[in-house]
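Asks: One structure coming up, written as structure tokens, with questions to follow.
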Ligand code: OOG
Ligand code: MG
């Protein structure tokens, strides 16, 4: 992955303000590459870094990271073939079984993920899935509510990286387990919307093993000059494709061995 930055500092700030406006006021914008066709993935991460700095300066607390586009189902759904990473803050977290407002979201979708909580800091490059498992405190099931700010949920990698990987909300829940007590490759998950099964999959869909996605994230962080701190909450990427939700919908994600995560959506 080339982390080449081609945008001027002014353009990075301009695009960050455009994405920040769309995120905080919940409106759709055209993908950034319509105006900057030569934008690179490195440019996308420069905009994402600017966004993170602004949120942290405004008092948001970073709680961890997310890997995205790590399963075939997600890559096919979004027409992208390289994984991405994004940051997670306290403002994005929602309690299990809660009512989540869609008022401040553009076109939310939900996806089932395995989340990791780290007990030691990881530093790439060269981080492997075995390193990740050794550094993991426990795993838990999560539902990510993604919300691309790009019209029609249509984007390319530089644009989605700049939009912080479509991060919007997330819910951790179920039952926390030690990774060594589970076979993290073969966990089944079923997602129900309004009592009907809408999608299902197995955790191997995420790069063969969800810990591989965390290793990839650590190696991307190294390219960005950062590590994955102890205590981080990290989501490994949607196992299934993402499912659109609207006010009135209720979601239950049932994970084998990890219990379930539920929420409902309101205006
Ligand atoms: C990009 C974010 C993908 C995942 O788990 O694959 C993601 C998107 O699909 O909007 O969070
Ligand atoms: Mg996700």
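Throughout, read-outs are computed from the coordinates displayed, never taken from laboratory work. Treat the numbers as computed from the prediction; the structure is a model and nothing was measured. Note that each Cβ is placed from the backbone with ideal geometry, even for glycine, and that neighbours are counted across all protein chains shown.
Asks: Compute for the chain: radius of gyration divided by Kirkwood radius, i.e. Rg/Rh, restricted to C-alpha atoms, rounded to two decimals.
Replies: On the way: Rg = 17.2 Å, Rh = 18.2 Å.
Reported Rg/Rh (Cα atoms, Kirkwood Rh): 0.94.
Asks: List residues of region 192-231, by number, whose backbone nitrogen lies under 19 Å from a label position 7 Å along Cα→C-beta of residue 250.
Replies: Counting backbone N atoms under 19 Å from the label point, the list is 192-199.
Asks: Taking only C-alpha pairs under 8 Å that are 6+ residues apart, what is the relative contact order of region 51-161 in percent? The partial results should precede the final answer.
Replies: Details: 119 pairs, mean separation 28.3, N = 111.
Dividing the mean separation by the residue count of region 51-161 yields 25 percent.
Asks: Okay, next question. Using 7 Å Cα-to-Cβ label points, what is the residue 181/residue 198 separation (nm, one decimal)?
Replies: Label-label distance for residue 181 and residue 198, simple model: 3.1 nm.
Asks: Per DSSP helix of 4 or more residues, -39500 (n - 2.57); summed, then divided by the residues of the chain. What does that give at 222 nm, rounded to the nearest 500?
Replies: Helix contribution divided over all residues of the chain: -8000 deg cm²/dmol.
Asks: Quick check for you: which residues of region 104-139 have the amide N under 16 Å from the point 7 Å beyond the Cα of residue 98 toward its beta carbon?
Replies: 104-105
Asks: What ranking do 197, 29 get, fewest neighbouring Cβ atoms within 10 angstrom at the top? Each step should come with its number before you reach the end.
Replies: Numbers: 197 11, 29 19.
Result, fewest neighbours first: 197, 29.
Asks: Further question on the same structure: Full extension from residue 27 to residue 82: what is 0.36 nm times the residue separation minus their Cα-Cα distance, to one decimal in nm?
Replies: On the way: separation 55, 0.36 × 55 = 19.80 nm, distance 2.60 nm.
Here the answer is 17.2 nm.
Asks: From Cα pairs below 8 angstrom and at least 6 apart in sequence, can you work out the relative contact order of region 9-266, rounded to a whole percent?
Replies: Contact order relative to length: 28 percent.
Asks: Hey, another quick one. If you average the C-alpha positions of region 211-244 and of region 1-22 separately, how far apart do those two centres end up, in angstrom?
Replies: 21 Å
Asks: Sticking with this structure for a sec: Residue 56 label point, 7 Å along Cα→Cβ, cut-off 16 Å on backbone N: hits in region 229-267?
Replies: 229-233
Asks: Give the relative contact order (percent, whole number) for region 161-266; include only Cα pairs under 8 Å separated by 6+ residues. Walk me through the intermediate numbers first.
Replies: Working: 139 pairs, mean separation 33.9, N = 106.
Relative contact order here is 32 percent.
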